[in-house]
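Asker: Please read through the structure below; I'll follow up with questions.
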Amino acid sequence: MSDYSNDTAYHRPVMLAQCLAALDLQPDGRYVDVTFGGGGHSVRILEKLTTGHLYSFDQDADAEAEADKFEQPQFTFVKANFRDLTAELQQLGVLPVDGLLADLGVSSHQFDTPERGFSTRFDGPLDMRMDPDGPLTAADILNDYKEADLHRIFGMYGEVTNARTLAHTVVAARRGRTLATIAELKEAIRPCTPRGKENKYLAQVFQALRIEVNQEMQALQEMLLQTAEVLRPGGRLVVMSYHSLEDRLVKNFIAKGKFFGAVEKDFFGNESKPFEAVNRKPEEASAEEVALNSRARSAKLRVAIRN
């Protein structure tokens, strides 16, 4: 084991004990952490394994550098988007697996690195790519998207109340110039930023841009659908989300095996769905944890067992 601490400045994992318990870890089990991030969850999963193995996914080069500190033979880092889950595990010849963890939050390290452009606290480029080699940046969206498309993503992904006005303001601001930095964006949208609620409003705007840049909703749906293929019967699906859009997709998928519409039934009227929820309501972080780590405030943990 490396001298790696799960509470480093790089990333403080949210609801760590609950996630580990939900996975029902067996020493000889085969597990997947599809969101390695700073490795906080992965390092603790590895502590529980003897002859088992952990496969951790991330597309971020910084995460890969953290993973290099893990020297255990029971660990394999997979540099890929979790939407490629089945293909990557098939290539490794390790299907099926006993448990899968997805922590859908942006890592503390990404938020705290100004040049990544994730945080409203710093100035920096309008980037927001989880994969630094990805084709689309937040600047591309702000400068190139039509007003109607900006309205849609601010309203749908950011749940911004004045999304139409915001989109119109962005389009007006980019006439004759390019919006390239966080400071330029903040200044451009100041007229429609509610006074006294600046931080919350900017967080919603940034969330909308980040989701669009990284195709987060599409990738999440693709990954969830694949969990039914990669988990063995009795295997555990553990997903932690941080906003209502994600949580709704996870909740619907566990309840119905699909994201929209009613659950499908067979000829005899039996529900046809791949998972059974362990708890009806999501688990939330304690007040003590939220006091230590504000990012835990909005976290919702859902757990299901493969039928």
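The values are calculated or read from the model by the stated rules, or taken from the named source; none is laboratory data. Everything numeric here is computed off the predicted structure, so don't read it as measured data. So basically every Cβ, Gly included, is an ideal-geometry build from the backbone, and we count neighbours across all protein chains shown. Ligands, DNA and RNA are excluded from the accessible area calculation, which covers all protein heavy atoms including side chains. Shrake-Rupley method; radii C 1.70, N 1.55, O 1.52, S 1.80 Å.
Asker: Quick one: in the range 233-260, which of the residues that are assigned to a loop (DSSP other than H, G, I, E, B) and without any contact (Cβ under 8 Å) to a residue 24 or more places away in the chain is least open to solvent (accessible area, probe 1.4 Å)? Please lay out each step first, then the result.
Answerer: Restricting attention to the range 233-260, the residues satisfying the condition of being assigned to a loop (DSSP other than H, G, I, E, B) are 242-243, 257-260.
Filter once more, keeping what is without any contact (Cβ under 8 Å) to a residue 24 or more places away in the chain: 258, 260.
Working: 258: 56, 260: 146 Å².
Of everything passing the filter in the range 233-260, 258 is least open to solvent (accessible area, probe 1.4 Å).
Asker: I need a count of the residues in the range 78-87 that are open to solvent by less than 50 Å² (accessible area, probe 1.4 Å) and more than 17 Å from the chain's Cα centre (by Cα).
Answerer: 1
Asker: Can you tell me which residue among 126, 101, 150 is touching a residue at least 40 places away in the same chain (Cβ under 8 Å), touching a His at 6+ places or on another chain (Cβ under 9 Å) and surrounded by 21 or more Cβ atoms within 10 Å (Cβ to Cβ)? I'd like the intermediate steps shown before the answer.
Answerer: On the way: 126 fails: touching a His at 6+ places or on another chain (Cβ under 9 Å); 150 fails: touching a residue at least 40 places away in the same chain (Cβ under 8 Å).
Criteria check complete, one pass: 101.
Asker: What residue, of 165, 178, 137, is more than 21 Å from residue 198 (Cα to Cα), touching a helix residue (DSSP H, G or I) at 6+ places or on another chain (Cβ under 8 Å), surrounded by fewer than 17 Cβ atoms within 10 Å (Cβ to Cβ) and of a type in the set (S, T, N, Q)? Before the answer, list the steps.
Answerer: On the way: 165 fails: more than 21 Å from residue 198 (Cα to Cα); 137 fails: surrounded by fewer than 17 Cβ atoms within 10 Å (Cβ to Cβ).
Answer to the selection: 178.
Asker: Could you check the range 283-301 and list, in sequence order, the residues that are surrounded by fewer than 18 Cβ atoms within 10 Å (Cβ to Cβ) and within 14 Å of residue 244 (Cβ to Cβ)?
Answerer: Correct list: 284, 297, 298.
Asker: From the list 84, 98, 127, which residue is over 21 Å from residue 294 (Cβ atoms), touching a Lys or Arg at 6+ places or on another chain (Cβ under 7 Å) and outside any strand (DSSP E or B)?
Answerer: Working: 84 fails: touching a Lys or Arg at 6+ places or on another chain (Cβ under 7 Å); 98 fails: outside any strand (DSSP E or B).
Result of the check over 84, 98, 127: 127.
Asker: Another question, then. Go over the candidates 205, 263, 230, 278 one by one and state the one that is in contact with a helix residue (DSSP H, G or I) (Cβ under 8 Å, 6 or more places away or on another chain), without any contact (Cβ under 8 Å) to a residue 12 or more places away in the chain and either of a type in the set (A, V, I, L, M, F, W, C) or buried (at least 18 other Cβ atoms within 10 Å of the Cβ) (or both). Working first, answer last.
Answerer: Values: 205 fails: without any contact (Cβ under 8 Å) to a residue 12 or more places away in the chain; 230 fails: without any contact (Cβ under 8 Å) to a residue 12 or more places away in the chain; 278 fails: without any contact (Cβ under 8 Å) to a residue 12 or more places away in the chain.
None of the other options fit; the residue is 263.
Asker: So, one more: Can you tell me which residues in the range 130-140 are more than 12 Å from residue 205 (Cα to Cα) and assigned to a helix (DSSP H, G or I)? Give the steps one after another, and end with the answer.
Answerer: So in the range 130-140, the residues more than 12 Å from residue 205 (Cα to Cα) come out as 130-137, 139-140.
Listed by number, the residues that qualify are 139, 140.
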